[in-house]
Amino acid sequence: MDLYYRLNVFPIYVPPLRSHKDDIPLLVFYFLNICAKKLNRKIGIIPSEEIEEMVDYHWPSNVRELENFIERGVILGDHFHFRSPIIKTSLFKIPDAVVNVSHQENERSHIIKVLDACKW
């Protein structure tokens, strides 16, 4: 508990990845190089359509999610091609409007969507 208060003396604000989307292509290539070296692969060019999808995505878990996404793509691809995992699914879309629902209703709705996606 004491550590939290000591660290909170000078808070550091890090803006979310979605607020500086121009950095996403640079981060993609940076993480791609790191993951390719770690997994001993030579990855060629990522298609511009995939880069655009990554830029358009909301990235709710920020930079760590992007890094994991790139690593997963390197693992799924062969030795020369990056294979982009699916990042946009209807299951995890950001809602257009905020609706006041209880936690139980939200949880129930989410469970039903997951069951539908998995074909029950």
Query raised in the report: Which residue pairs have Cβ atoms under 7 Å apart, sit 6 or more places apart or on different chains, and have a first residue in the stretch 15-35 that is more than 16 Å from Asn68 (Cα to Cα) and in contact (Cβ under 8 Å) with a residue 24 or more places away in the chain and a second that is surrounded by 15 or more Cβ atoms within 10 Å (Cβ to Cβ) and among the β-branched types (Val, Ile, Thr)?
Result: Lys21/Val55
Query raised in the report: For Ser90, which of the numbered conditions (1) surrounded by 11 or more Cβ atoms within 10 Å (Cβ to Cβ); (2) at pLDDT below 80 fails to hold?
Result: (1)
Requested in this report: Would you be able to tell me the number of residues in the stretch 36-69 that are in a helix (DSSP H, G or I), free of Cβ contacts under 8 Å to residues at least 40 places away in the same chain, surrounded by 15 or more Cβ atoms within 10 Å (Cβ to Cβ) and of a type outside the set (Asp, Glu)?
Outcome: 5
Query raised in the report: Hey, among the residues in the stretch 39-57 that are at pLDDT 85 or above and either of a type in the set (A, V, I, L, M, F, W, C) or touching a Lys or Arg at 6+ places or on another chain (Cβ under 9 Å) (or both), which one's farthest from Leu26 (Cα to Cα)?
Result: Leu39
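Restricting attention to the stretch 17-29, does a residue exist that is assigned to a helix (DSSP H, G or I) and over 16 Å from the mean Cα position of the chain (by Cα)? Give the derivation first.
Looking only at the stretch 17-29, we keep the residues that are assigned to a helix (DSSP H, G or I), and these are 17-19, 21-29.
Those left that are additionally over 16 Å from the mean Cα position of the chain (by Cα): none.
The answer is no; no qualifying residue exists.
The values are calculated or read from the model by the stated rules, or taken from the named source; none is laboratory data. Predicted, not measured: the structure shown is a model, and the values here were computed from it. Backbone-built Cβ (ideal geometry, glycine too); neighbour counts: all protein chains shown.
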